[in-house]
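Please read the structure below before turning to the comments.
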Amino acid sequence: MRFFRSGYTELRHANPGMNSLVMIGTSAAYFYSVAALLVPGFFPAGTAESYFEVAAVIVTLILLGRYFEHVAKGRTSEAIKKLLQLQAKTARVIRDGEAVEVPIEAVVPGDRIQVRPGERVPVDGVVEEGQSYVDESMISGEPVPVAKQKDAELVGGTINKNGSLTFRATRVGADTVLAQIIRMVESAQADKPPIQALADKIAGIFVPIVIVLAILTFITWFSFGPEPALSFAFVTTVSVLLIACPCAMGLATPTAIMVGTGKGAEMGVLFRKGAALETLSRMDTIVLDKTGTLTRGQPELTDFILVEGREDEVLAWVAAVETESEHPIGEAIVKGARDRGLTLPATSEFQAEPGYGIQAQVAGRRVNVGADRYMRRLGIDLASVADSAVSLAEKAKSPLYVAVDGRLAALIAVADPLKDGSMEAIAALKASGLSVAMLTGDNRATAEAIALQAGIERVLAEVLPDQKAAEVKRLQEEGARVAFVGDGINDAPALAQADVGIAIGTGTDIAIEAGDVVLMRGDLRGIVDAAALSQRTRKTILGNFVWAYGYNLALIPVAAGVLFPFTGYLLNPMLAAGAMSLSSVFVVTNSLRLGRFKSNSGDSAASNISESGAAQASVS
């Protein structure tokens, strides 16, 4: 009945599919047999054959194939099952001074929770007491446990290794990082990539063509075939209908996407959309934001060149103004001042101009801190420190200028070192044939010095935050297919503009809405893994299509009886049904091979991208 219900709906909407073909084929076999049994004289001599067993075995084989297909497809969602298993069932909540074990559903934000060695962290939170190492490999892919102490963030589902921790719950239930990851993977697995839309269009044309071919096969055999012509016509027509069922085509893309996105989640690479998993494989240009992406995003104050005033006093004023800023460079200056034991005065009338600088009133003085373009706009002469600024920039240090009451007071430099693995990742991307560019608001000299360290030739420097998306668009207009990599917050417009936006997550602060792909760890080698997995997945999808359509194109003529004049062989409809089911199982099994994809780093990553074609499309 399932075939008849679905097949009738398909035909009623003039959109025939697999169920339509099975319904027509089995109905023909069954009702032909009923007629031959009840009114055999109606048929030409020798053609009143019964095919009850054909109708029964066809349905049995197709259902058996669907069962094996279901078992195999069940393995494609292993990633979701594993993630669900990471969720704790209970938590030790401190109530009235005592630790009480309660169901995880009873935990609310603000609860204080104890985690003993070897236990899973039940929900997200912040450490209040204790020290330990926590295995966060389930969110970052990194096998090395992370040290945790007071004020450190914890993620639900991670494993406490060797110390006891007491933490305060911050996110519970559907708000936890783990729950967000599960939703993201589920969403990506349900998403249809562009290649699937093409496959749907082809299938919409393919099935009507098959029905026409079946009709032509019947007419040809009935008109020109040997006796009993009707029997030959019937057998070949049913075989054509069954051998051409497009179920393998329908499985070619979704099974590969399910396995690919699940494998990505295991490696700490989350694809928000299934389309991104395919689209990333066609990118030819990777644009990297600098601060927090290519570099650690934790600058250090390295130089303070005084021009006018007292050094400690000017530095304290600058740090006081920077306390109002959220930029990592500001944090570096504040830390540098406090490391010197300076007391920071109060500020007022704070103003910030993104990409230029900041100003505030401090101790009755107007203090401006910013880039050279900011100072020039204020009309401040920088000639006295021009050589020093160039020298600092050549050492990959970012120069900033300080003006007090409209007069240049100091030149400050901060340095933001490259992340571990950045150079290896860039080398791997370039070795695979991708063009790599760096985009930053830094002055060109500093940007080029950092790019030289990282091994990047193309530099887009002195780009204001609101101009990043325009720079990405300009590259696209030049014909580039661009993947932009940023921190996922202030780079959101550029991430949205790019063909694929790759957001850098921290594991505890995932910019879920910012990019199509989220790297759970800051290591840029995750981009290499994402690109390699994307290419491997796309090759698997294409291989599935080659098998599915190639199988049909090869066997439809056999089912139509093209071999009969030469060998006397006709394909039995039962064998046609079994072969059709087997093709579906093969496509799913081929997709499951993506589960063997290995995460790479360093030089080996480049070979993984360039050799991702090793996922062969067919079985030798």
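The values are calculated or read from the model by the stated rules, or taken from the named source; none is laboratory data. Owing to the predicted nature of the structure, the values given are computational and were not obtained by experimental measurement. Reconstructed Cβ throughout: ideal geometry from the backbone, glycine too, with neighbour counts over all protein chains shown. Just so you know, the surface numbers come from the protein's heavy atoms only, side chains and all, with ligands and any DNA or RNA stripped out. Shrake-Rupley method; radii C 1.70, N 1.55, O 1.52, S 1.80 Å.
For every residue, the table says whether it meets (1) under 15 Å from Gln87 (Cα atoms); (2) at pLDDT 85 or above; (3) open to solvent by 10 Å² or more (accessible area, probe 1.4 Å).
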position	(1), (2), (3)
Ile139	yes, no, no
Glu142	no, no, yes
Ala147	no, yes, yes
Lys150	no, yes, yes
Glu153	no, yes, yes
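Residues satisfying the criterion are present in region 532-551 (criterion: over 22 Å from Asp420 (Cβ atoms), modelled with pLDDT under 85 and among the aliphatic types (A, V, I, L, M)). Only a single item in (1) at pLDDT 90 or above; (2) in contact with a helix residue (DSSP H, G or I) (Cβ under 7 Å, 6 or more places away or on another chain) is not met by Thr347, and it is number (1). Among the residues of region 494-517, those that are modelled with pLDDT of 80 or more and either assigned to a loop (DSSP other than H, G, I, E, B) or among the polar types (S, T, N, Q) (or both) comprise Gln497, Ala498, Asp499, Asp516. Candidates are the residues of region 242-264 that are in contact with a Leu (Cβ under 7 Å, 6 or more places away or on another chain) and open to solvent by 10 Å² or more (accessible area, probe 1.4 Å); the one that is nearest to Val518 (Cα to Cα) is Lys263. Within region 1-21, residues that are touching a residue at least 40 places away in the same chain (Cβ under 8 Å) and assigned to a loop (DSSP other than H, G, I, E, B) reach partners that are of a type in the set (Val, Ile, Thr) and open to solvent by 20 Å² or more (accessible area, probe 1.4 Å) with beta carbons closer than 7 Å, at six or more positions or on different chains, in the pairs Pro16/Ile211.
Being open to solvent by less than 30 Å² (accessible area, probe 1.4 Å) and either part of a loop (DSSP other than H, G, I, E, B) or within 23 Å of Ala386 (Cβ to Cβ) (or both) is the filter here, so list the residues in region 318-328 that pass it. Quick ask: steps written out before the conclusion?
From region 318-328, those open to solvent by less than 30 Å² (accessible area, probe 1.4 Å) are 318-322, 325; that's our starting set.
Across region 318-328, the qualifying residues are Val318, Ser325.
Can you pull out the residues in region 518-530 that are touching a Ser or Thr at 6+ places or on another chain (Cβ under 7 Å) and part of a helix (DSSP H, G or I)? Before the answer, list the steps.
Kept after step one, since they are touching a Ser or Thr at 6+ places or on another chain (Cβ under 7 Å), are these residues of region 518-530: 520-522, 524-525, 529.
If the condition is that a residue be touching a Ser or Thr at 6+ places or on another chain (Cβ under 7 Å) and part of a helix (DSSP H, G or I), then Arg525, Asp529 are the ones that fit.
Tallying residues that are touching a strand residue (DSSP E or B) at 6+ places or on another chain (Cβ under 9 Å) and in a strand (DSSP E or B) within region 400-444 yields 19.
Hey, any hits in region 30-41 for a residue that's closer than 30 Å to Pro573 by Cβ, modelled with pLDDT under 70 and surrounded by fewer than 15 Cβ atoms within 10 Å (Cβ to Cβ)?
Of region 30-41, the ones closer than 30 Å to Pro573 by Cβ are 30-41.
From what is left, the residues that are modelled with pLDDT under 70 are none.
Checked against the condition, which is being closer than 30 Å to Pro573 by Cβ, modelled with pLDDT under 70 and surrounded by fewer than 15 Cβ atoms within 10 Å (Cβ to Cβ), region 30-41 yields no hits at all.
Give me the residue from region 423-446 that is of a type in the set (Ser, Thr, Tyr) and under 26 Å from Tyr356 (Cβ atoms) and, out of that set, surrounded by the fewest Cβ atoms within 10 Å (Cβ to Cβ). Before you say what the answer is, go through the steps one by one.
Looking only at region 423-446, we keep the residues that are of a type in the set (Ser, Thr, Tyr), and these are 432, 435, 440, 446.
Those still in the list that are under 26 Å from Tyr356 (Cβ atoms) too: 440, 446.
Numbers: Thr440: 24, Thr446: 27.
Among them, the one singled out is Thr440.
Residues in region 329-351 that are under 37 Å from the mean Cα position of the chain (by Cα) and either surrounded by 17 or more Cβ atoms within 10 Å (Cβ to Cβ) or among the β-branched types (Val, Ile, Thr) (or both): Ile329, Gly330, Glu331, Ala332, Ile333, Val334. The set of residues in region 381-390 being outside any loop (DSSP other than H, G, I, E, B) and surrounded by 15 or more Cβ atoms within 10 Å (Cβ to Cβ) consists of Val385, Ser388, Ala389.
Considering only residues in region 155-178 that are open to solvent by less than 10 Å² (accessible area, probe 1.4 Å) and of a type in the set (A, V, I, L, M), the one that is farthest from Val126 (Cα to Cα) turns out to be Leu178. For region 144-170, the candidate set comprises residues that are of a type in the set (Gly, Ala, Ser) and in a loop (DSSP other than H, G, I, E, B); within that set, the residue that is farthest from Val115 (Cα to Cα) is Ala152.
Residues that are in a loop (DSSP other than H, G, I, E, B), touching a strand residue (DSSP E or B) at 6+ places or on another chain (Cβ under 7 Å), at positive phi and open to solvent by 40 Å² or more (accessible area, probe 1.4 Å) are absent from region 125-136. Checked against (1) surrounded by 18 or more Cβ atoms within 10 Å (Cβ to Cβ); (2) in a strand (DSSP E or B); (3) not charged (D, E, K, R), Val100 meets all criteria but (1). For region 265-313, taking the residues that are more than 17 Å from Gln535 (Cβ to Cβ), open to solvent by 20 Å² or more (accessible area, probe 1.4 Å) and of a type in the set (Asp, Glu), the one that is modelled with the lowest pLDDT is identified as Glu266. Tally time: how many residues in region 337-380 are touching a Phe, Trp or Tyr at 6+ places or on another chain (Cβ under 8 Å) and not in a strand (DSSP E or B)? Number satisfying all stated conditions: 10. When restricted to residues that are part of a helix (DSSP H, G or I) and either within 18 Å of Pro399 (Cα to Cα) or open to solvent by 20 Å² or more (accessible area, probe 1.4 Å) (or both), region 447-467 contains 10.
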